Amino acid sequence: MNEIRLPDATEAPGRRGPRLWLSRLEGPQTMGRGLGFWIAAALVLLAAILYPAFNNDYTVGNAAYFLVWTFMAMGLGLVWGYCGALSFGQTAFFGLAGYAYGVITINIGSAFGATWLALVLAVALGGAFALLIGYFMFYGRIKGVFIGIVTLSVTLVLETFMAQTAGPQWRIGEARLNGFNGMSGMPPLTVPWFGGEILLYAGTTLYYVLLGMVVLVYLGLRMLLNAPFGNVLVAIRENPERTEMLGYGIRLYQMLAFGLGGALAGLSGVLYTAWGQYITPSSMGLTAAALPIVWVAVGGRRDITATLLGTLIVIAGFQSLTIYGSQYALVVMGALLVFTVLVTPNGLVFTVMSQIGRIFGKGRE
Amino acid sequence: MTTILEVRKLNKSFGGVTVARNIDFTLQAGAMHCLIGPNGAGKSTFFRLLLGEHTPESGTIYFGGDDITHLRSFQRIRKGISVKFQVPGIFKALSVRQNLEVAFQHHLHGASLSETVRRVLDFTNLSNEATTAAGVLSHGQQQWLEIGMAVGVEPKLLLLDEPTAGMSPDETRKTGEMLHDLNARGITILAVEHDMAFVQQISQSVTVLHMGSIFAEGSIDEMTAHPGVQEIYLGAADE
Ligand SMILES: Nc1ncnc2c1ncn2[C@@H]1O[C@H](COP(=O)(O)OP(=O)(O)OP(=O)(O)O)[C@@H](O)[C@H]1O
Ligand SMILES: [Mg+2]
């Protein structure tokens, strides 16, 4: 018989509360386990922490920009890779939350850390909108390719709507939506400090804030995916009917995963807006909607680590190509997607990681 | 004796084809009952109606005295129905252990979960395959895994759609023993089965389904002797 061995999934019996959750940092749904993996992860993190010491503020601010997108990508990994629903709608929640951040902060200002309140509200709004869309899709029994069509329509409708808000009547309080030209003038994230506040413009401080958020979200997702919730998501991906016949209300799980994925996209949207103090309808357009699919597919959608690393690599590569022209870069992206789908359907980073895992005997398979 | 499952005047058709015609069916708690009938008789469809995967055009289904006709599938399962489908419905990419965990974690956690998983691995002779991807198990082992998934959290009623399909005689015999074991623990079993020797091994009473209707009901000996049953089913079965 073919020997495919998977790691044991049993949770160490008797663990509770925080210790139980910490034990879920490793598990059947995520690649990487054991001391070797965590040492490697710590080294990568160390390199990321030291990065600003060897680069100027502009370059570091640019690296912060890469980090901004990872939340949307990890959210898509959750929805598509783990739960099996290919969504083109991440940009809708990204854009909605981005605009919401702008509208809220322009109206309430940035004093006393109000920008963080705006962040939380905007992310919640993105997540709530995703829950609503998810509710209609999953309880309406929409499946497979139709999920892609519905979600793409949602984001394109939002783009079209925002693009026609040019007139002065399109304002919410102090905030002008500004149609196709987009909204600007919102403050960046701020940290209240003695005698004023620190403005987190693109630069080293913002980079560290974002890096911390990436680490938290990544570890949090690892724990969630290895918890019973994650097991059920994967079971739904593998065989939804069977999962329901084990007594799970699968639509609720799908809706919650979609909502969480949307909230993460919303987080990216807020951070993007705060990073550049700018957001436009094209952030919800066709090209924008397709890019997360490319990052996640190329990295590897079925593993959160592959998704995270793949996204960073692809975005950095994309940006260095854009120097030669953005059309050219898009063509390369397309080619990369085709190559991935044909040659390493599980994703480039995923494939490399499982090879490394095999060599050290610590992979997921 | 109490009735665990009662079906009244159940009707269902697909397009013009009637697959359930006025089905009246009663199952006593603690029974081990078989449902037989030729290919296309509507046996699997009957199960899917019981499970809520298809909605009947008319009729009522009572489980443990409650009307479950309009409940969603997962709600019926939570009331204590469990199923093994005709086509093995396991999660092929997950390990055997993960399959069992997904099946039980809904009711069990921590130590009781791992204890139940261990017990079921033992019961299904899959202890040595706990970390094997379920998709590479032999066909018989996949069937056992699915039975294990269905019985780990002891259901009140176990529905089995052709549990021995594709099994060797030895595996079939072991499966029969397993079912007796489960029945002895108080699980009511309703099985669709083609293998008459197996039917003989596991149950005394049999219902014959033909073209969506209940054709005959009685002991296995009565049914094998029944000329009509022989004609529609038993004759056709030795093809
Ligand atoms: N979803 C469906 N749509 C249309 N027709 C269906 C559907 N499911 C089943 N049928 C038809 O209903 C009839 C009964 O099918 P069913 O699978 O219940 O038979 P069965 O008794 O389980 O047969 P077998 O012994 O081959 O498993 C068949 O004619 C089948 O083609
Ligand atoms: Mg059948």
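The values are calculated or read from the model by the stated rules, or taken from the named source; none is laboratory data. Everything numeric in this text was worked out from a predicted model, so none of it was measured. Ideal geometry is used to build each Cβ from the backbone, glycine not excepted, and the neighbour counts take in all protein chains shown. Just the protein is used for accessible areas: all its heavy atoms, side chains included, with ligands, DNA and RNA removed. Shrake-Rupley method; radii C 1.70, N 1.55, O 1.52, S 1.80 Å.
Values computed for the structure shown
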| quantity | calculated |
| --- | --- |
| Residue in region B:1-25 that is nearest to ligand 1 (Cβ to nearest atom), counting only those that are exposed (fewer than 15 other Cβ atoms within 10 Å of the Cβ) and assigned to a strand (DSSP E or B) | B:Phe14 |
| Filtered residues of region B:18-76 (kept if more than 29 Å from B:Glu222 (Cβ to Cβ) and among the β-branched types (Val, Ile, Thr)) | B:Thr55, B:Ile68, B:Thr69 |
| Residue in region A:232-241 that is out of contact with any helix residue (DSSP H, G or I) (no Cβ under 7 Å at 6 or more places or on another chain), within 14 Å of chain B (Cβ to nearest Cβ) and acidic (Asp, Glu) present | yes |
| Residue within region A:211-231 that is part of a loop (DSSP other than H, G, I, E, B), open to solvent by 20 Å² or more (accessible area, probe 1.4 Å) and under 26 Å from A:Leu291 (Cβ atoms) present | no |
| Residue count for region B:38-69, restricted to those that are closer than 24 Å to B:Ala216 by Cα, hydroxyl-bearing (Ser, Thr, Tyr) and more than 16 Å from ligand 2 (Cβ to nearest atom) | 3 |
| Residue tally, condition of a type outside the set (Gly, Ala, Ser), surrounded by fewer than 18 Cβ atoms within 10 Å (Cβ to Cβ) and closer than 25 Å to B:Ser114 by Cβ, over region B:175-188 | 2 |
| Pair list, Cβ under 6 Å, 6 or more apart: region B:144-164 residue among the aliphatic types (A, V, I, L, M), other residue within 15 Å of ligand 2 (Cβ to nearest atom) | B:Ile147/B:Lys84; B:Ala150/B:Lys84; B:Leu159/B:Phe47; B:Leu159/B:Val83; B:Leu159/B:Leu190; B:Leu160/B:Lys84; B:Leu160/B:Ala191 |
| Residue selected from region B:145-164 under the condition more than 12 Å from chain A (Cβ to nearest Cβ) and open to solvent by 30 Å² or more (accessible area, probe 1.4 Å), by the criterion nearest to A:Pro18 (Cα to Cα) | B:Glu154 |
| Helices (runs of 4 or more DSSP H) wholly inside region B:48-144 containing at least 2 residues that are open to solvent by 10 Å² or more (accessible area, probe 1.4 Å), within 13 Å of chain A (Cβ to nearest Cβ) and aliphatic (A, V, I, L, M) | B:110-123 |
| Given (1) closer than 25 Å to A:Gly212 by Cβ; (2) at pLDDT 95 or above, number of the condition A:Phe37 does not satisfy | (2) |
| Selection from region B:46-60 of residues that are within 13 Å of ligand 1 (Cβ to nearest atom) and free of Cβ contacts under 8 Å to residues at least 60 places away in the same chain | B:Arg48, B:Leu49, B:Glu53, B:His54, B:Thr55 |
| Qualifying residue in region B:197-215 (condition: hydroxyl-bearing (Ser, Thr, Tyr), open to solvent by less than 10 Å² (accessible area, probe 1.4 Å) and either in a loop (DSSP other than H, G, I, E, B) or within 16 Å of ligand 2 (Cβ to nearest atom) (or both)) | yes |
| Scan of region B:187-204 for residues that are within 14 Å of ligand 1 (Cβ to nearest atom), over 10 Å from the mean Cα position of the chain (by Cα) and at pLDDT 90 or above, ordered by number | B:Val199 |
